[in-house]
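Asks: Okay, here's the structure, questions in a sec.
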Amino acid sequence: MSLKEVKEIEKNLREITLTIDKEAFDAEVMKVYRKQSAKITVPGFRRGKAPKHIIEKLYGESFFHADAIDNLFPEVYEAAVAEAGLEVVSRPEVELESIDENGVTLKAKVYVKPEVKLNKYKGLSAEKEAVTVEDAEIDEEIEAARKRLARVSTLTEGVAENGDDAVIDFEGFVDDVAFEGGKGENYTLKLGSGSFIPGFEEQVVGHSVGESFDISVKFPEEYGAKELAGKDAIFKIVLHEIKRTELPELDEEFVKDVSEFNTIDEYKADIKAKIEAKKEKAAEYAYEEKLLDALLENTELDVPAPMVEDEIDMNVRDYDYRLQMQGGNLQMFFQYTGQTLEQLRERFRPQSEKQLKTRLALEAVVAAENIEASEEDIEAEYNKISEGYKTELEKVKATIAPETLVKDIVLRKAVDFIKENAAE
């Protein structure tokens, strides 16, 4: 069993010719015969007792050949690929060329990993966004914290104000005739939200609990219900309840409740630092993406179609997994969106092609710079995963092979190398 020839059919496509010697093939044919003969009925013989040559005469000389080749092919193919030094990226398309006195000759067409030409990977340039934190952003975070500690009270007296939740009955009339969809009972309306037609909420403001009153409004000209568009209307209102949200004061007591600090200035400084760190991380990620885009612009490679399809498969599986984490799945997604699997795959195609090309370019950088992962790197990665998933270190090591980690580690190191050697 050996490699006979490797021929380049086209870029990234090879045809491997390999052989199986007659002795090995005949032995495998005999194994197949012994295994299958018990299932074959031949007139004049008990089941399983018909001689091999009789079965072949009855069903054809090649009756056992296909199974014998199927059994032998994986080992022969892997050996041939290794001998040829090919990095195959597709399933083989196999063709039987001949079976004769010398044995079996097969041809297998396969796509191989593309050659990557790095025109430039040092001195790449990209703009990194400057990070600033505005006072308004700090105030927004504080306001969110105040809202989390807000107290909602139901007023028994007083008048409605903007920001209140007013519980109302309402019924609308145009030309003294009630219109469809214009009635509601015990409806909670956030005053100032703009969720009702212009002028409605403003006229609820100032009224008291238990009060009945009328509101005059005009439907917008572009209103969705054409029969009401541009019409004057009267709404009869009953105000049942006023619910008011009271935010805690921004003082030192509040600061102690929501943080580990004692003063407002310390609290604000901590918020600013956290916003800044988050923005720095986002800016760093964006900077890396720009550098990788620049790397691709300076890289020549043609990606074989099967590699792209495999990458799309991976992204679709990942998307399905994320849907399942949210209580759904792909079938539900297709049902609700009307999309098909093919449409989803096409949606992922540009992203998949870019991911693949970026990874291949980074692998070329790894090779060019002899970037390696040390034992310390691998151990640190295991610890990071263990801490991140709150799983025992030994369980992580039993689940993930070191080789898997090495691939990710060296690619990250390649990104770091590109950043360290980027143009100022």
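Please treat every number below as a calculation from the coordinates, not as lab data. Since the model is a prediction, treat every value here as computed from it, not as a measurement. Reconstructed Cβ throughout: ideal geometry from the backbone, glycine too, with neighbour counts over all protein chains shown.
Asks: Please go through region 36-58 and give me each residue that is free of Cβ contacts under 8 Å to residues at least 12 places away in the same chain and under 25 Å from ASN102 (Cα atoms), ordered by number.
Replies: Correct list: PRO51, HIS53, GLU56, LYS57.
Asks: Shifting gears a bit: Take the conditions of a type outside the set (D, E, K, R) and more than 19 Å from LEU3 (Cα to Cα) and apply them to TYR77. Does it pass?
Replies: Values: of a type outside the set (D, E, K, R): yes; more than 19 Å from LEU3 (Cα to Cα): no.
When the stated conditions are applied, TYR77 does not pass them.
Asks: Given the conditions (1) within 47 Å of the chain's Cα centre (by Cα); (2) farther than 16 Å from GLU75 by Cα; (3) surrounded by fewer than 17 Cβ atoms within 10 Å (Cβ to Cβ), which single one is not true for THR41?
Replies: Status for THR41: all satisfied but (1).
Asks: Moving on. Tell me which of these MET30 doesn't satisfy, since it passes every other one: (1) farther than 30 Å from ALA82 by Cα; (2) assigned to a helix (DSSP H, G or I).
Replies: Single failed check for MET30: (1).
Asks: Further, regarding this structure: Could you please find all residues in region 1-27 being assigned to a strand (DSSP E or B) and closer than 22 Å to PRO114 by Cα?
Replies: LEU3, GLU5, VAL6, LYS7, GLU8, ILE9, GLU10, LEU13, ARG14, GLU15, ILE16, THR17
Asks: Moving to a separate point now. Output the residue which, of all residues in region 85-105 that are touching an Asp or Glu at 6+ places or on another chain (Cβ under 9 Å) and aliphatic (A, V, I, L, M), is farthest from ALA27 (Cα to Cα).
Replies: Restricting to residues being touching an Asp or Glu at 6+ places or on another chain (Cβ under 9 Å) and aliphatic (A, V, I, L, M), the top hit is VAL89.
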